[in-house]
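What follows is calculated from the coordinates using simple rules that are stated; it is not laboratory data. Being a predicted model, the structure only gives us computed values, none of them experimental.
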Amino acid sequence: MLIHVHVGPTPHGDERGPYAHCEAAIRVIESSGLEYEVGALGTTVQGPADRLWPLMRELHEAVLASGAEQNMTHVRILEAQDDRFEASMSDLAARITH
């Protein structure tokens, strides 16, 4: 399963920096041990569904716990019923031609 997640805290940051709340979410992802890639507009995480569903909740709550007044988390999910069709970050990236 792949998820692409974007957190939208209000305010965006605080005295620790403009991305302090987003960085709190990324720390949760880092500590999960799952494969991930941080991008300019969100983070993609790869792993089993039973790990990713709770992770989405944890990172959403981490933004609020870091001091954001509110947070809107946007998630896109790619999951297949059959492992033969399951995509990985590296499979999808290999399909891109420049």
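At-a-glance table
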item	result
Rounded to 10°, Cα long-axis angle of helix 49-65 versus longest principal axis of the chain	20 degrees
Long-range HN-HN contacts of Glu35 with modeled amide H, under 5 Å	Gln46
Alpha-carbon Debye profile of the chain, log10 I(q)/I(0) at 0.14 Å⁻¹	-0.53
Per-residue HN-Hα couplings for the stretch 18-25 [Karplus 6.51, -1.76, 1.60; θ = phi - 60°; Hz; x = Gly/Pro]	x, 10, 4, 6, 5, 5, 4, 5
Karplus (6.51, -1.76, 1.60) ³J(HN,Hα), θ = phi - 60°, over the stretch 68-77, in Hz, Gly and Pro reported as x	5, 6, 7, 8, 10, 9, 9, 10, 10, 10
